[in-house]
1. Of all residues in the stretch 145-167, how many are on the phi > 0 side of the Ramachandran plot and either among the hydroxyl-bearing types (Ser, Thr, Tyr) or more than 11 Å from the chain's Cα centre (by Cα) (or both)?
2. Which of the residues belonging to the stretch 16-43 are among the β-branched types (Val, Ile, Thr) and modelled with pLDDT under 95?
3. Quick check on Pro179: is it at pLDDT below 95 and within 25 Å of Leu77 (Cα to Cα)?
4. Quickly run through the stretch 53-71 and pick out the residues that are outside any strand (DSSP E or B) and either modelled with pLDDT under 95 or in contact with a His (Cβ under 6 Å, 6 or more places away or on another chain) (or both).
5. In the stretch 204-245, which residues are among the hydrophobic types (A, V, I, L, M, F, W, C), without any contact (Cβ under 8 Å) to a residue 12 or more places away in the chain and part of a helix (DSSP H, G or I)?
6. For the stretch 72-97, enumerate the residues that are closer than 21 Å to Ile23 by Cα, more than 18 Å from the chain's Cα centre (by Cα) and open to solvent by less than 50 Å² (accessible area, probe 1.4 Å).
7. Restricting to the stretch 168-187, and then to whatever is within 15 Å of Ser112 (Cβ to Cβ) and open to solvent by 10 Å² or more (accessible area, probe 1.4 Å), can you tell me which residue is nearest to the chain's Cα centre (by Cα)?
8. List the residue pairs whose Cβ atoms are under 7 Å apart, where the first residue sits in the stretch 1-15 and is free of Cβ contacts under 8 Å to residues at least 24 places away in the same chain and charged (D, E, K, R), the second is open to solvent by less than 90 Å² (accessible area, probe 1.4 Å) and not in a loop (DSSP other than H, G, I, E, B), and the two are 6 or more positions apart or on different chains.
Amino acid sequence: MNLDKPIASGNTAHVYRSGNEAIKLFNANLPDTEAMKEAAKHRVAYVQGLPVPKIYDVTKVNGKQAIVMEYIEGKTLGQLVCEDQSQMGRYMALSVSLQQQVHKVVPSQIESMKEKLKRQIQAASPLSMKQKATLITKLESFTYNESLCHGDFHLFNLIVGKKDQTTIIDWVDASLGDPRADVYRTYLLYSQHLSHELAELYMRTYCETSQYLKEDIFEWAPVVAAARLAESVPEENVERLVKIVCDSI
């Protein structure tokens, strides 16, 4: 299949448009189950009635594993914020409302956040064995009602399409766990890759429209930051993540 330039790129895949379809083509170095794994999580969200693209097929394209799904015409909320900073508060409120909609869902079959975080902490090479053990003990001490968590929820994974309907994309990191961890993960991404001011706006908006306090959410800071270390994202500030861990345990 002839594919043009990707319309989006991430750490694990590139996304291409082919007519009314979007083709998510995974990097060749990933396990052969990566596309199936993400598609299964995506389908959980779809079955629960969340606004996500339809999946048409999980296949191989040009020798690489791929997910073929509905192409959503539109712009991300991140793009819209960049175009008009005066609307930042409105767009952030919309994103928080959608994330809370996700958190109301309790699916029966999806990856456990606790198990996922354990694996990531154990694989975080910048941390010592003692630090990892302390973090896992802390993780085990948390009690919470499980909810669907997106795992990579931010303005650039929300597409505003026809009739102003907003669609949530990129479900590879979804799991069943504590919404507070999901919220801190979003805060961490904003503060690292966008701005501290945007991160604080997000946190304030989420807390004002939920039962959670900022200090309750920040209890998850060392665990989530440690897990992020295992992802080996090239542009991530490793020293910053290690400091978050060390300052909290």
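1. 2
2. Passing the criteria: only Thr33.
3. So Pro179 fails the test.
4. Answer for the stretch 53-71, where residues must be outside any strand (DSSP E or B) and either modelled with pLDDT under 95 or in contact with a His (Cβ under 6 Å, 6 or more places away or on another chain) (or both): Asn62, Gly63.
5. Cys207
6. Ile72, Gly74
7. Asp173
8. Cβ pairs passing all conditions: Asp4/Tyr16.
The values are calculated or read from the model by the stated rules, or taken from the named source; none is laboratory data. Just so we're clear, the structure is a prediction, and the values are computed from it rather than from any experiment. Don't worry about glycine lacking a Cβ; one is built from the backbone with ideal geometry, like all the others, and counts go over all protein chains shown. Areas reflect the complete protein model, heavy atoms only, side chains present, ligands, DNA and RNA absent. Shrake-Rupley method; radii C 1.70, N 1.55, O 1.52, S 1.80 Å.
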